[in-house]
Amino acid sequence: MSRVLCRVEDIPDGEGRGFATDGAGPDILVVRRGERVHGYVNSCPHTDSPLEWVENQFMSLDKSHILCATHGAEFRIEDGFCVLGPCRGKSLAPVTLSVRDGDVVLD
Ligand code: FES
């Protein structure tokens, strides 16, 4: 079942946004880069804790990576692979998203 999460422009370019799935599945985060979006389960592979401490704050200082606020792990935006921190070599769990007529859709 598909679900519209938001409009692409609702996520500032280069930023992330969290979405609760209200029990229908795990909470997720969506990172926007231009017109592309990347989605992952909001759970760090280090301790399974949510990535953010502050609502919708998912990015490293220079916005180049997704950041886990708990112990500082950094993940590539495009594939969720951890390049720095205690879970280096592991990956965020991807979720399948698409953009349809400007809507971000969770498939
Ligand atoms: S919980 Fe994410 S780096 Fe430790």
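The values are calculated or read from the model by the stated rules, or taken from the named source; none is laboratory data. Because the structure is predicted, anything quoted here is derived from the model rather than measured. With ideal geometry, Cβ positions are generated from the backbone for all residues, glycine too; neighbour counts draw on all protein chains shown. Accessible surface is based on the protein model in full, side chains and every heavy atom, while ligands, DNA and RNA are left aside. Shrake-Rupley method; radii C 1.70, N 1.55, O 1.52, S 1.80 Å.
Could you tell me which numbered condition Ile11 fails, if it satisfies all but one of (1) more than 13 Å from the chain's Cα centre (by Cα); (2) more than 15 Å from the ligand (Cβ to nearest atom); (3) among the hydrophobic types (A, V, I, L, M, F, W, C)? It is condition (1) that Ile11 fails.
Annotation: of all residues in the range 65-94 being exposed (fewer than 15 other Cβ atoms within 10 Å of the Cβ) and part of a loop (DSSP other than H, G, I, E, B), the one that is nearest to the ligand (Cβ to nearest atom) is His71.
Hey, does the range 55-65 have a residue that's of a type in the set (Lys, Arg) and under 30 Å from Met1 (Cβ atoms)? Steps first, please.
Filtering the range 55-65 for residues of a type in the set (Lys, Arg) gives 63.
Narrowing further to those that are under 30 Å from Met1 (Cβ atoms): none.
No, the range 55-65 contains no residue that is of a type in the set (Lys, Arg) and under 30 Å from Met1 (Cβ atoms).
Here the range 95-107 is the region considered, the condition is being open to solvent by 70 Å² or more (accessible area, probe 1.4 Å) and part of a loop (DSSP other than H, G, I, E, B), and the residue that is farthest from the ligand (Cβ to nearest atom) is Asp101.
In the range 43-89, what residues are under 19 Å from Gly14 (Cβ atoms) and of a type in the set (S, T, N, Q)? Of everything in the range 43-89, those that are under 19 Å from Gly14 (Cβ atoms) and of a type in the set (S, T, N, Q) turn out to be Asn56, Gln57, Ser60, Ser64.
Would you mind stating whether Leu51 is modelled with pLDDT of 95 or more, outside any strand (DSSP E or B) and open to solvent by 70 Å² or more (accessible area, probe 1.4 Å)? The answer is no for Leu51.
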